[in-house]
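The values are calculated or read from the model by the stated rules, or taken from the named source; none is laboratory data. Since we're looking at a predicted model, the values are computed, not measured. Here the Cβ is made from the backbone with ideal geometry for all residues, glycine too, and neighbour counts use every protein chain on show.
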Amino acid sequence: MKAAVVTFPGSNCDRDLAVAFAAAGFDVTRVWHKESGLPAGLDVVGLPGGFSFGDHLRCGAIAARAPIMAAVAGFARSGGHVLGICNGFQVLCEAGLLPGALMRNAGLRFVCRPERLVVATADSPFTHPWAAGTQVDIPVAHHDGNYRADADTLARLRDEDRIAFRYAGNPNGSADDIAGVLSENRRVLGMMPHPERAADARLGGTDGAVVFRALAAALATV
Ligand SMILES: NC(=O)CC[C@H](N)C(=O)O
């Protein structure tokens, strides 16, 4: 199984994301944002957390227009799996690959702490090992994690069971406590919490590792 992890100027979780993919059995290729193509035979693209382009304009807005993103969009459109974490989630929204936007946290403070999440759906390649309603602990670290979408979009996400994770105690004001959402085909996941920071007992938790192992298992059966 092959994963690519994209690095933008200002990404700071790209190496951790590569390590988490590798621990789940993926061969990982690191890809610079100025590349125009992705490696052949790829199973998943990871868009890491960080402060791409210094969060100028809006978090993820400049990265969403980087050369590599045309290839990522094409990969997603052709049924490829994409995992965007934190700044990666912001990039996916800015690129139009996921609906909605991440706005400034309601408390106007950077929040960096472990968060309890509720798995909102088990119907995805990233969450299938859990039952819906399972509580998991995965840390957050962001100032723009306040998920917003219009009422129709939120209703559609609920109706189509595309909310992947909710916060048990909402740290940022997100609509409907949303911590992560899925694309229509369920193969693109964007989430603000950092599963790669809870992917090894030595980091203080292993709930995040389930996301990577779940994907590996799902891809093995495709
Ligand atoms: N850890 C991250 O990816 C942070 C994302 C973004 N820079 C924010 O603060 O909201």
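Some notes on this structure:
- For segment 164-177, the criterion of being under 16 Å from the mean Cα position of the chain (by Cα) and of a type in the set (Ser, Thr, Tyr) is met by at least one residue.
- Considering segment 147-201, the residues that are assigned to a strand (DSSP E or B) and touching an Asp or Glu at 6+ places or on another chain (Cβ under 6 Å) include one that is nearest to Leu97 (Cα to Cα), namely Arg166.
- Segment 79-124, subset in contact with a Phe, Trp or Tyr (Cβ under 9 Å, 6 or more places away or on another chain) and of a type in the set (D, E, K, R), residue surrounded by the most Cβ atoms within 10 Å (Cβ to Cβ): Glu115
- Candidates Asn105, Asn87 - the one that is polar (S, T, N, Q) and either more than 10 Å from the ligand (Cβ to nearest atom) or under 15 Å from the mean Cα position of the chain (by Cα) (or both): Asn87
- Test: residue in segment 69-80 that is among the hydroxyl-bearing types (Ser, Thr, Tyr), without any contact (Cβ under 8 Å) to a residue 40 or more places away in the chain and within 24 Å of Ser124 (Cβ to Cβ): yes
- Among the residues of segment 43-62, those identified as more than 9 Å from the ligand (Cβ to nearest atom), among the hydrophobic types (A, V, I, L, M, F, W, C) and farther than 21 Å from Val19 by Cβ are Phe53, Leu57, Ala61, Ile62.
- Where Gly74 falls short, out of the listed (1) more than 14 Å from the ligand (Cβ to nearest atom); (2) crowded, with 20+ Cβ neighbours inside 10 Å; (3) closer than 22 Å to Phe26 by Cα: (2)
- Test for Asp200: is it buried (at least 16 other Cβ atoms within 10 Å of the Cβ), out of contact with any helix residue (DSSP H, G or I) (no Cβ under 6 Å at 6 or more places or on another chain) and at negative phi: yes
- Among the residues of segment 144-169, those identified as within 16 Å of the ligand (Cβ to nearest atom) and buried (at least 19 other Cβ atoms within 10 Å of the Cβ) are Asp144, Gly145, Asn146, Tyr147, Phe165, Tyr167.
- Criterion (at pLDDT 95 or above, farther than 23 Å from Ala73 by Cα and of a type outside the set (Phe, Trp, Tyr)) met by exactly one of Asn146, Asn185: Asn146
- Residue tally, condition more than 22 Å from Phe212 (Cβ to Cβ), assigned to a loop (DSSP other than H, G, I, E, B) and touching a residue at least 40 places away in the same chain (Cβ under 8 Å), over segment 34-58: 2
- If you go through segment 125-141 and keep only what is in contact with a helix residue (DSSP H, G or I) (Cβ under 8 Å, 6 or more places away or on another chain) and crowded, with 22+ Cβ neighbours inside 10 Å, you end up with Phe126, Thr127, Val136, Ile138.
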